[in-house]
Each structure stands twice: as structure tokens, then as C-alpha cells.
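For reference, the structure is listed below as C-alpha cells.
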Amino acid sequence: MKNWRLRPGQGRMRSILLSAACGTFLCLTACSGQRGDEMTAYTESLFAMDTYMTFTAYGANAEDALKQVCDRIAELEGLWSATDAGSEIYQVNHSGGQPVAVSGETEELVSFALAMAEETDGALEPTIYPVLTAWGFTTDENRVPAGNEIAERLATVGYEEVNIESGAITLEAGAMLDLGAVGKGYAGDEAVRILKDNGVSSALLDVGGNIQALGTKPDGSRWRVGLKDPFSGGVLGVIRVADEAVVTSGSYERYFIGGDGKKYGHIIDPATGYPVDNGLASVTVISGEGKLCDALSTALFVMGLERAEDYWRQRQGFDMILVTEDGNIYVTEGIKDQFSLQGEYRDMTVNVVEFE
Ligand code: AMP
Ligand code: MG
């Protein structure tokens, strides 16, 4: 069926950002063209949520609106950081089983994550944090934990045990939330909302690799979003989008090589407590909502190719592009006409996933 394979190569380790840099953010504005012109592009960059973000928006109100976006994202980070002792999530995680009152947005995001955990049969598991810690992904001191340590940590995991009532979250003592799989998606949706409220109708936001498009380019054409080759970091293809988010999950984003020579990625299979190792290299989800894309890209990566295909057929409302470790590419039928391979990848076979 296929006549080309991606070449697994030296995946470059994502540069690990020191926790000292967490919580700080820097907003830089740049503009081009004539002030006030609908074609004028404004760009803001910031470091937040442990990642670099770059936002470009067009038109007279774009500059002000982007500053509001930066402020809002810094605010959300302040609520959700798992490592910052001042955050709401930190307080929930260290409450010894007591209820902790949280803001409306934290309640909304945790409720969403729990609903998606249920919907994905626990593939998305917002209480995976203690297991992630055992593997050192939260401190960048990576190690392969012993089997009994993983089992002990797994005993604390379970989205079913999280209680949300009257604006307060209660965890079992020892359980911990991690919104790392959904927070950037929510932040992207918030950014789009703020831009729209300010009358901006054209923007492309890179929320640490999560791409969020508002409208089209100012000339009316679709935005062209690059899909990364998970093995080399090159651009495998282009997805043309308008008013959509494009979010990718994969082990290549953050991983370490164990003493046994094996590659261990940052997305954990909650069924085993081990990093996902199911033959998928990356999952990209495309839909109108950033937080849905973010939740699903992580969950579908955990599910693996066949379960992901079944899930897509049954749930609908999104499209996806899957790249396997053996170099095959699968694209759902809803996005196939907006996707094209690039450069040296042009002759690859694209397997189209259909509703049947
Ligand atoms: P993403 O890049 O959106 O796929 O999210 C990956 C991040 O979510 C990881 O760095 C962890 O913080 C967290 N995580 C890892 N495994 C899971 C999982 N099975 N469910 C929910 N969050 C996870
Ligand atoms: Mg995610």
C-alpha cells in the first residue's frame, strides 16, 4: 500500500526548559506595514506554560488585543502550574484530601478533563501526575522506576475519584492533578475569544506547538500549518485551516533514553504506568476547539492506531492525522483535501481513514 517510509533518525530532544524559567513571561511586540491597516501584522512572543508561544494578529486592534492575550495566558499559568506553590492546582494537589475552592476557569478545565477522561475510557487521565513524577518528567531528572514503584503510584491514579462541588475540588490524599494535556488548548481558545472580543478577525497563534487559527489570512486564503516529521523535525506536510486548531501529541516532543537504550516519552499509558509504546509516533487533531484537540491528541496517542480509528468513527466532530513508528501516515477523510505532503515527502502514500 505504501511506497515510502519516514526515516527514523536522531530525534532531537526537546530543549528542556528549566523550572526557574516557569512562571516568568516576556511579551515582545513587533509590527510591520502601516499602522491601522487591516493587513498590518502584529506579533507577540512569550514564554509561559513551560513553552514558547508566538501570536500573530492583523488589523487596527491587534496590538492591544495581543497584550491582553499575553496577560490572560500568564494568569491561567498562575492558576494551573503543577510546580508553582501559589497555583490553584498545586494547592489542590497538596491539600491532604481537603476541599480547595478554585476559580471558575479551573473548575471548567478540570470538569472538561474529567469528562474527556470518561469519554476516552481513561486514555486521558488528568490524575497521572504521581506516575509522571516517578519517571522524572516533572523535574527533568529522568529515570526508569522499578515496577513496584510504578504500581504504588498507579494506585493513587483515578479520575473517577476527583470530586468537584460548589466551586471546590477534592482529591483523595496522595492523588494529584496535571492539566498539562489540556491547558494549552484551553489557553488557545481563550486567546481566540479575546481577539474576537476586540474585533480581530484574522490571527494565527502558536501556543507552544498547538496552532490556533482565527478566521483566514487577511487575503481570504486558508492558513497553512506545517505538520512535523516526528523523526527528523522536517515539515512532512501542510494542513490548510480556517477557524480551527491543530494540535499534535507525540513522544518525540519530550523523551529520554534509558540506561537500557530504550526511548521513554512523556505521555503515559494509564493502564500500565509506562510511557506509551504502541507504534504511534504522533497524533495531530484538527477541530474548531483547541481544548478538544489538546485532550484528544493526547488520548488518541495513548489509544494507538486501531482504537483511535474506531474512536474517530464513533465520536466524529474532529479530524486527525496519525504517523506510525514504521513510517506510515493515516489521514481521516474530512481533512484529506486540505492536507498535502511537502518536498521530499511528496511521494509518500497517504492512507485515508474512512467512515466505512
Ligand atoms: P500533550 O503534549 O498535550 O499530549 O500532553 C502531554 C502532557 O500531559 C505530559 O507532558 C504530561 O504532563 C501529561 N500527561 C502524560 N500522560 C498523560 C495522560 N495519559 N493523560 C493526561 N495527561 C497526560
Ligand atoms: Mg494534549
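Values for this structure:
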item: Ranked packing of 127-140, 288-301, 76-89, 94-107, most packed first, by mean Cβ within 10 Å; result: 288-301, 127-140, 76-89, 94-107
item: Candidate lysines - alpha carbon under 17 Å from Lys291, same-chain residues fewer than 8 apart omitted; result: Lys184
item: Helix-only [θ]222 nm of the chain, DSSP H runs n ≥ 4, -39500 (n - 2.57) each, per residue, nearest 500; result: -8500 deg cm²/dmol
item: Prolate/oblate/rounded call for segment 157-230, Cα gyration tensor, a/c under 1.5 rounded; result: oblate
item: Heavy-atom accessible area per residue - the chain, 1.4 Å, Å²; result: 43
item: Normalised alpha carbon radius of gyration of the chain [divisor 2.2 N^0.38 Å]; result: 0.98
item: Within the accessible area of the chain (1.4 Å probe), percent carbon and sulfur; result: 47
item: Tensor-based shape of segment 125-273 (alpha-carbon gyration tensor, a/c under 1.5 rounded, otherwise prolate or oblate); result: oblate
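The values are calculated or read from the model by the stated rules, or taken from the named source; none is laboratory data. Keep in mind it's a predicted model, so treat the numbers as computed, not measured. Don't worry about glycine lacking a Cβ; one is built from the backbone with ideal geometry, like all the others, and counts go over all protein chains shown. For the accessible areas, the whole protein counts, side chains as well, though only heavy atoms, and no ligand, DNA or RNA atoms are used. Shrake-Rupley method; radii C 1.70, N 1.55, O 1.52, S 1.80 Å.
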